[in-house]
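The values are calculated or read from the model by the stated rules, or taken from the named source; none is laboratory data. Here the structure is a predicted model, which is why all the values come from computation and not from measurement. All Cβ positions, glycine included, derive from the backbone under ideal geometry; neighbour counts span all protein chains shown.
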Amino acid sequence: MPSLSSKAQFFILTTVVIVGVFYTLSKYINPYAFVDTSKAAVSGETFFFDNVKEKAIKTVKLSNSGNLLSNLQMYKNYVRNLASEKGYNLELYYTNTTTLVNIQMVLTSEKYTLKSNFTVSY
């Protein structure tokens, strides 16, 4: 019959091995578990530009023909003020037909000049 001290040694050794295995596995799995948010941190201009474009499309989609122009004008004023607070210059132009809105955006900063032309139906 094994002695009490050899049982304790086996238990401690087994615990150390199991912890070591889990630690090793965590080092291989952990780098893939993080979400990469470096785009927003490194390049705030592109992140801001993409958000402005996405919300411009949403503004057109949620508007009807009666309030489309006023909604776009309010959105344009809001994002231009927001851009100037961040040190960017944003130009947003739009024209509309009976079913389409053509939007042209230019964002200028110290590092970038970003341009986009797109059409949205409403």
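Structure notes:
- Hits in segment 79-91 - residues which are closer than 14 Å to D50 by Cβ and assigned to a strand (DSSP E or B): L90
Residue-wise test of (1) assigned to a strand (DSSP E or B); (2) modelled with pLDDT under 95.
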| position | (1), (2) |
| --- | --- |
| L25 | no, yes |
| D36 | no, yes |
| A40 | no, yes |
| N77 | no, no |
| Y93 | yes, no |
| I103 | yes, no |
| E110 | no, yes |
| S116 | yes, no |
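- When residues of segment 80-109 are limited to those that are β-branched (V, I, T), surrounded by 15 or more Cβ atoms within 10 Å (Cβ to Cβ) and out of contact with any helix residue (DSSP H, G or I) (no Cβ under 6 Å at 6 or more places or on another chain), the one farthest from A56 (Cα to Cα): T108
- In the set (1) outside any helix (DSSP H, G or I); (2) within 19 Å of S121 (Cβ to Cβ), V60 fails one condition alone, (1).
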